[in-house]
Amino acid sequence: MNFTIGSIENWVANYYGIEVKASVLNGYDELNFLLVEKSGKKNILKVSNSSHDYFFLEAQVKILQHLAKSDLASQFQTYTLNKKGETLTEITVDEATYYIRILSFLEGSFWVEAPAKNKALFENLGIFLGKMDKSLVGFKHPGMHRHYTWDISTARDANYKINFIPDAAKKRIADYFMLQFETEVLPTLSSFRQAYTHNDANDYNVLVEGDTIAGLIDFGDMVYTALINNVAVACTYAMLHQSDPLAAAVLVVKGYHSAYAIEEKELNILYYLIAARLCISVTQSAYNGSLDTNNEHHFITEKPAWDLLCYLITLNPIKAENAFRLACHYTSIIEANENYKNIETKRNTHIGRNLSISYEKHLKIDKAALQYLYDDKGNTYIDCVNNVSHIGHCHPSLVRVMQKQIASLNTNTRYLNNHLIEYAQKLTASLPAGLNVCYFTNSGSEANDLAIRISRHCTKQKDIIVLDHAYHGTSTATIEMSPYKFDREGGMGQMPWIHKAINPDLYRGPYTYEDANAGGKYAMDVKNIIDTLAKENKKPAAYICETLLGVGGQMPLPPNYLKEVYKHVRAAGGICIADEVQVGFGRVGSHFWGFELQDVVPDMVVMGKPIGNGHPLAAVIVTDAIANSFNNGIEYFNTYGGNPVSMATGLAVLDVIEREGLQENALQVGNYLLEGMRALMHTHSIIGDVRGSGLFIGVELVKDRITKEPATEAIKLIVEKMKDKGFLMGVDGPYNNVFKIKPPIIFSMENAKDLLTNLDTVLASL
């Protein structure tokens, strides 16, 4: 619609008998004009959107007339009647019907313009809204019963607009909160109190004077919906631009509850309702952006809304819920003094005693979101070590795929199913030509076990060459080839058919970073083992190696190491196995697979952990020749391996990595972390070495850089201090003195900066 100032002034004169000067005001989907009479009296004229019918506009009139009878009457606008005594004036322009109405002008500053907002103002906002909603009990009008974009109860409708968000990280956050809305809110939303609500107490509709609420304007978003939604909307806008958004929301809740009691179950979902409102806003802005709209009001809160969503993802929902509960004088859901003795006793009773728990002060993790973990005490932790949740905890795209598939079909591989073939094709397409036959299992341990079984069958040999300190799994066969397990307390020791090659450690080993030929020299140790076997008329069945060493010290292999090793092993008839359980699927950044860093092509590739983002899925990929050799009449069948849910999950992981550019993210953020850790070496002598690739990083701590004595006790203290600062880190290496940094590969640059800043502080405190 396009109305001139002149036409507005003429309508006011003709229909209302008032001479005014008009000027344009901002508006979302209606036209707004300031009217000033000769006396200086001001009013507001609104021109309805042609999509707004009379029935809905009448509802706006009726609700203001109802509120005019309340104690809050002075804080709401009143209508000026036209010459016919009507509140709504029908006009026709270009064969379209519009309604104009004139409302009184309320003095005061917009909430957004208030220079300093004290606690009283936030609380008074809540009190005002609580009184308003309480006064509306008994009000009814069918015009407010509508399906509306900006009704939080219909937030699910925004799902399709998420795809209009161009930034992958932002899209992921919005999608996560939409998933939580569907999970935490929708199942129970209909059971909550329903009411006629203003639904838009935003920072341009709330008027303030000092620390009091002067008025509330614009009932164009009103709707019959869950009462708590009105609180959520107010909290959302009150939180914008605040240094402590939760504190602002708590004050609003406190004030509202004092005027009109909020039920406990309503508080339980308030955090998710606030997030949902923000998701509606940012997805609508993204959608509007795709239309090239020039209405700046459509984007006015876009940046602060994103800032607040990013804040919410770091805010433990248990902390938020508890804060809301305490503001309303309900009991706390956080037991601050809980030391977990009861749960630990039960765990020790019913769970294997040799299953350890991380950290000196144990954590009880109740929820997770992407790269964040939430404990039961309201704390949020940045996950710096969980390489299993490769694309993030509870990634919404993955969850939805799994939900859909498990609701449709989950059975074994004795039936034809497209998922199995589709995933196998896409997975093998990421590998060098020739590696094209898949065997699906449920864990990395099971996959490595199978890889050894296949190797022994194909070569008719038994002996296996591994690296010292290596870890390949927990089955009987994989424990036997894991020095990390069999050489430690409780281990069975080295079996005669297992042969340990020296760990190619460029920091502590005999050949260091300064030796350009270190890779070939370390490879000679494998050659020596092969030569010793030959003297006993034996050959290796296989050589297996993590393509970046995990428990061996979080370290990349020396240049040309695998190239030389593979040459020696193949010359002896052995099979070269690349264990990608820890590092595959883009984690190293520059390449999709760790073995690609060495410019080699293995005979077998073993995958686990990140392949299913925590879902029990793993795989062994082999060549046609090996597959044909293994096809000896004894069927290989795995009850759950290759099931449709697992295949759909695997496909979703690959899709997310590609769609969100996560390999590139691993490269960029990883390089930043590596540079940052090396910079810390200049100020903290305890850091002896920094190594890694992408988001697979090892930081080795020593007491003395000359002697390289491991700083084993210091690193334990640092891990606990970092945990207290909200960063979960792990320790590995032969001497338990290496930080292992291998977070979900959605780990952001901001996460990396925060990690470096806090680690610097902790190291300085030693």
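Going by the structure shown, is residue 623 surrounded by fewer than 24 Cβ atoms within 10 Å (Cβ to Cβ), among the β-branched types (Val, Ile, Thr) and farther than 30 Å from residue 360 by Cβ?
Numbers: surrounded by fewer than 24 Cβ atoms within 10 Å (Cβ to Cβ): yes; among the β-branched types (Val, Ile, Thr): yes; farther than 30 Å from residue 360 by Cβ: yes.
In short, yes.
If you scan region 657-689, which residues turn out to be of a type in the set (Val, Ile, Thr) and surrounded by fewer than 21 Cβ atoms within 10 Å (Cβ to Cβ)? Before you say what the answer is, go through the steps one by one.
Keep residues of region 657-689 that are of a type in the set (Val, Ile, Thr), which gives 657, 669, 683, 686-687.
Scanning region 657-689 gives 683, 686.
With respect to residue 404, determine if the residue is of a type in the set (Lys, Arg) and not assigned by TED's automatic domain parsing to the domain that holds residue 618.
On the way: of a type in the set (Lys, Arg): yes; not assigned by TED's automatic domain parsing to the domain that holds residue 618: no.
No.
Scan region 344-367 and tell me whether some residue there is in contact with a helix residue (DSSP H, G or I) (Cβ under 8 Å, 6 or more places away or on another chain), under 30 Å from residue 259 (Cα atoms) and either of a type in the set (Gly, Ala, Ser) or exposed (fewer than 11 other Cβ atoms within 10 Å of the Cβ) (or both).
No, because not a single residue in region 344-367 is in contact with a helix residue (DSSP H, G or I) (Cβ under 8 Å, 6 or more places away or on another chain), under 30 Å from residue 259 (Cα atoms) and either of a type in the set (Gly, Ala, Ser) or exposed (fewer than 11 other Cβ atoms within 10 Å of the Cβ) (or both).
Being in a loop (DSSP other than H, G, I, E, B) and at pLDDT 95 or above, is that true of even one residue in region 263-270? I'd like the intermediate steps shown before the answer.
Taking region 263-270 first, the residues in a loop (DSSP other than H, G, I, E, B) are 263, 269.
Next cut, at pLDDT 95 or above only: 263, 269.
Within region 263-270 (the criterion being in a loop (DSSP other than H, G, I, E, B) and at pLDDT 95 or above), the answer is yes, since at least one residue qualifies.
Please enumerate the residues belonging to region 84-131 that are among the small types (Gly, Ala, Ser) and in a strand (DSSP E or B). I'd like the intermediate steps shown before the answer.
Kept after step one, since they are among the small types (Gly, Ala, Ser), are these residues of region 84-131: 85, 96, 104, 108-109, 114, 116, 120, 126, 130.
Across region 84-131, the qualifying residues are 96, 104, 109.
Go over the candidates 38, 46 one by one and state the one that is farther than 18 Å from residue 81 by Cβ and among the basic types (Lys, Arg). Let's see the steps before the verdict.
Values: 46 fails: farther than 18 Å from residue 81 by Cβ.
That would be 38, the only listed residue that is farther than 18 Å from residue 81 by Cβ and among the basic types (Lys, Arg).
Would you mention how many residues in region 235-267 are free of Cβ contacts under 8 Å to residues at least 60 places away in the same chain and within 20 Å of residue 133 (Cα to Cα)?
Qualifying residue count for the region: 1.
Any idea which residue in region 488-502 is surrounded by the most Cβ atoms within 10 Å (Cβ to Cβ), counting only those that are touching a residue at least 24 places away in the same chain (Cβ under 8 Å) and closer than 14 Å to residue 541 by Cβ?
Among those that are touching a residue at least 24 places away in the same chain (Cβ under 8 Å) and closer than 14 Å to residue 541 by Cβ, it is 499.
Which one is modelled with the lowest pLDDT, of the residues in region 111-144 that are among the aromatic types (Phe, Trp, Tyr) and under 34 Å from the mean Cα position of the chain (by Cα)? Steps first, answer last, please.
From region 111-144, those among the aromatic types (Phe, Trp, Tyr) are 111, 122, 128, 139; that's our starting set.
Narrowing further to those that are under 34 Å from the mean Cα position of the chain (by Cα): 111, 122.
Numbers: 111: 93, 122: 96.
Selected residue: 111.
I want to confirm something. Restricting to region 470-487 and keeping residues that are assigned to a loop (DSSP other than H, G, I, E, B) and surrounded by fewer than 22 Cβ atoms within 10 Å (Cβ to Cβ), which single residue is modelled with the lowest pLDDT?
Applying the first criterion (assigned to a loop (DSSP other than H, G, I, E, B)) to region 470-487 yields 470-475, 481-482, 487.
From what's left, surrounded by fewer than 22 Cβ atoms within 10 Å (Cβ to Cβ): 474-475, 487.
Values: 474: 89, 475: 90, 487: 80.
Filtering region 470-487 for residues that are assigned to a loop (DSSP other than H, G, I, E, B) and surrounded by fewer than 22 Cβ atoms within 10 Å (Cβ to Cβ), the one modelled with the lowest pLDDT comes out as 487.
Here's a check for you: in region 317-339, which residue that is in a loop (DSSP other than H, G, I, E, B) and in contact with a Leu (Cβ under 9 Å, 6 or more places away or on another chain) is surrounded by the fewest Cβ atoms within 10 Å (Cβ to Cβ)? Outline the logic, then answer.
Filtering region 317-339 down to residues in a loop (DSSP other than H, G, I, E, B) leaves 328-339.
Still in the running and in contact with a Leu (Cβ under 9 Å, 6 or more places away or on another chain): 328, 330, 332.
Numbers: 328: 18, 330: 16, 332: 11.
The residue in question is 332.
Of the residues in region 159-187, how many are assigned to a loop (DSSP other than H, G, I, E, B), in contact (Cβ under 8 Å) with a residue 60 or more places away in the chain and surrounded by fewer than 18 Cβ atoms within 10 Å (Cβ to Cβ)? Full working, then the answer.
Here is the first cut: in region 159-187, the ones assigned to a loop (DSSP other than H, G, I, E, B) are 165-167.
Still in the list and also in contact (Cβ under 8 Å) with a residue 60 or more places away in the chain: 165-166.
Subset that is surrounded by fewer than 18 Cβ atoms within 10 Å (Cβ to Cβ): 166.
Residues that pass the stated criteria total 1.
Would you check if there is a residue in region 209-225 being buried (at least 20 other Cβ atoms within 10 Å of the Cβ) and among the aromatic types (Phe, Trp, Tyr)?
Among the residues of region 209-225, at least one is buried (at least 20 other Cβ atoms within 10 Å of the Cβ) and among the aromatic types (Phe, Trp, Tyr), which makes the answer yes.
Specify which of the listed residues (600, 569, 588, 605) is out of contact with any strand residue (DSSP E or B) (no Cβ under 6 Å at 6 or more places or on another chain), β-branched (Val, Ile, Thr) and at pLDDT 95 or above.
Within the list 600, 569, 588, 605, the selection yields 600.
Among 156, 146, which is the only one that is within 20 Å of residue 221 (Cβ to Cβ), without any contact (Cβ under 8 Å) to a residue 40 or more places away in the chain and in the same structural domain as residue 202 (by TED's automatic domain parsing)? Give the steps one after another, and end with the answer.
Numbers: 146 fails: without any contact (Cβ under 8 Å) to a residue 40 or more places away in the chain.
Step by step, each of 156, 146 is checked, and only 156 is within 20 Å of residue 221 (Cβ to Cβ), without any contact (Cβ under 8 Å) to a residue 40 or more places away in the chain and in the same structural domain as residue 202 (by TED's automatic domain parsing).
What is the number of the single condition among (1) buried (at least 24 other Cβ atoms within 10 Å of the Cβ); (2) free of Cβ contacts under 8 Å to residues at least 24 places away in the same chain that residue 603 does not meet?
(2)
Looking only at residues in region 63-83 that are in a loop (DSSP other than H, G, I, E, B) and not polar (S, T, N, Q), which one is nearest to residue 138 (Cα to Cα)?
Step one: of region 63-83, the residues in a loop (DSSP other than H, G, I, E, B) are 68-72, 76-78, 81-83.
Cutting the leftovers down to not polar (S, T, N, Q) gives us 68-69, 71-72, 76, 81, 83.
Details: 68: 15, 69: 13, 71: 16, 72: 16, 76: 19, 81: 26, 83: 31 Å.
Filtering first and then ranking leaves 69.
Could you please let me know if residue 40 is without any contact (Cβ under 8 Å) to a residue 12 or more places away in the chain and either closer than 30 Å to residue 211 by Cα or surrounded by 15 or more Cβ atoms within 10 Å (Cβ to Cβ) (or both)? Break it down stepwise before answering.
Values: without any contact (Cβ under 8 Å) to a residue 12 or more places away in the chain: yes; either closer than 30 Å to residue 211 by Cα or surrounded by 15 or more Cβ atoms within 10 Å (Cβ to Cβ) (or both): yes.
Spelling it out, residue 40 is indeed without any contact (Cβ under 8 Å) to a residue 12 or more places away in the chain and either closer than 30 Å to residue 211 by Cα or surrounded by 15 or more Cβ atoms within 10 Å (Cβ to Cβ) (or both).
The values are calculated or read from the model by the stated rules, or taken from the named source; none is laboratory data. Just so it is clear, the model here is predicted, and its values are computed rather than measured. Cβ: placed from backbone, ideal geometry, glycine included. Neighbour counts: every protein chain shown.
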